Amino acid sequence: MEIKKAVIPVAGLGTRFLPATKSMPKEMLPIIDKPVIHHVVEEAIESGIDDIIFVTGRSKRSIEDYFDDSPELEMHLKAKNKDNMLKIVQDISSMVDIHYIRQKEPRGLGDAILTAEKHINDEPFAVLLGDDIIVNGTPCTKQLIDNFQKYGRSTIAVEEVPREKTGSYGIIQGKALDESLYVLEDIIEKPAPENAPSNIGAIGRYVFTPEILDCIKNTTTGVGNEIQLTDGIRLLNEQQKIYAYKFTGKRYDTGDKAEYVKAIIDFALANEDMQEQIKGHIRRFCI
Ligand code: G1P
């Protein structure tokens, strides 16, 4: 079965980036000239998604504006004959069908995904968290979709994380089928390193069968007093096999300040127009 829908939760408050995120969504922080959320939407589209549901919250209006038409700006660019820029701006608003649903209070990732239930309409769907940018020829979400199509079961993207950081992730226990695929045995939300069943963490890309929604509904509040997606996954795992897939690609957790800066540097070094300047600048620190 094809996967055409994706839920992208963007209701988080972005406290790690205050004060910048006091009046702007963390998802709009730019990697040079393109907001993080644009990269995430591109990954979804390149994975075959054509219908995106953003779960938003208060003060996320600029995300809606970003993916909407900008008549005044377009008129201005047209009048100035800035055709390249005009095309870039117009392409953004016609990228994909986007729907917006508000999560009234920040009650957790599981709750955010549940708000999209009516739109999902009993179909399998992808979830992409808005903080991660993953760079790879085959997008990470596409890798999960390929596994879903092979086995017909939910698949979550994982990678090895430093032991001391297990408290930031859903950590899996799995039975390895090969170098990159596990059958999920358990998943624990944000365990302390001494309680973590492994150092393999869920990184914010998932493909789910629709049964995950009932499972989330049947959870009670978990870590942080929130409805946790991880607890829904644990319940789903009692009914259906779930796979954890060690994706191929370089991930930047742009919700982390140092990782955000690294992402900007790497994107600048990959950009023909500025790589020499940036290399020269970095070299000064290497002698
Ligand atoms: C969420 C999930 C967690 C996952 C993480 C990936 O946590 O609850 O299981 O490992 O995303 O980024 P958050 O980072 O929203 O606290």
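Details
- Single residue of the range 157-169 satisfying the filter (more than 9 Å from the ligand (Cβ to nearest atom) and closer than 26 Å to residue 240 by Cα) that is surrounded by the most Cβ atoms within 10 Å (Cβ to Cβ): 157
- Residues of the range 178-208 classified as out of contact with any strand residue (DSSP E or B) (no Cβ under 8 Å at 6 or more places or on another chain) and not charged (D, E, K, R), total: 2
- Residues located in the range 134-156, provided they are open to solvent by 10 Å² or more (accessible area, probe 1.4 Å) and within 16 Å of the ligand (Cβ to nearest atom): 134
- Matching option when the condition is open to solvent by less than 60 Å² (accessible area, probe 1.4 Å) and hydroxyl-bearing (Ser, Thr, Tyr), among 59, 94, 70: 70
- Some residue of the range 209-220 being touching a strand residue (DSSP E or B) at 6+ places or on another chain (Cβ under 9 Å) and either open to solvent by 80 Å² or more (accessible area, probe 1.4 Å) or within 29 Å of residue 16 (Cβ to Cβ) (or both): yes
Yes/no matrix, rows are residues, columns are (1) of a type in the set (Gly, Ala, Ser); (2) at pLDDT 95 or above; (3) under 14 Å from the mean Cα position of the chain (by Cα):
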{"site": "81", "(1), (2), (3)": "no, no, no"}
{"site": "84", "(1), (2), (3)": "no, no, no"}
{"site": "98", "(1), (2), (3)": "no, no, no"}
{"site": "105", "(1), (2), (3)": "no, no, no"}
{"site": "121", "(1), (2), (3)": "no, no, no"}
{"site": "124", "(1), (2), (3)": "no, yes, no"}
{"site": "135", "(1), (2), (3)": "no, no, yes"}
{"site": "148", "(1), (2), (3)": "no, yes, no"}
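- Here residue 37 does not qualify as in a strand (DSSP E or B) and closer than 21 Å to residue 229 by Cβ.
The values are calculated or read from the model by the stated rules, or taken from the named source; none is laboratory data. Since this is a predicted model, take the numbers as computed values, not measurements. Here Cβ is always computed from backbone atoms with ideal geometry, including for glycine, and neighbour counts include all displayed protein chains. Please note that ligands, DNA and RNA were not included when accessible areas were found on the heavy atoms of the full protein model with its side chains. Shrake-Rupley method; radii C 1.70, N 1.55, O 1.52, S 1.80 Å.
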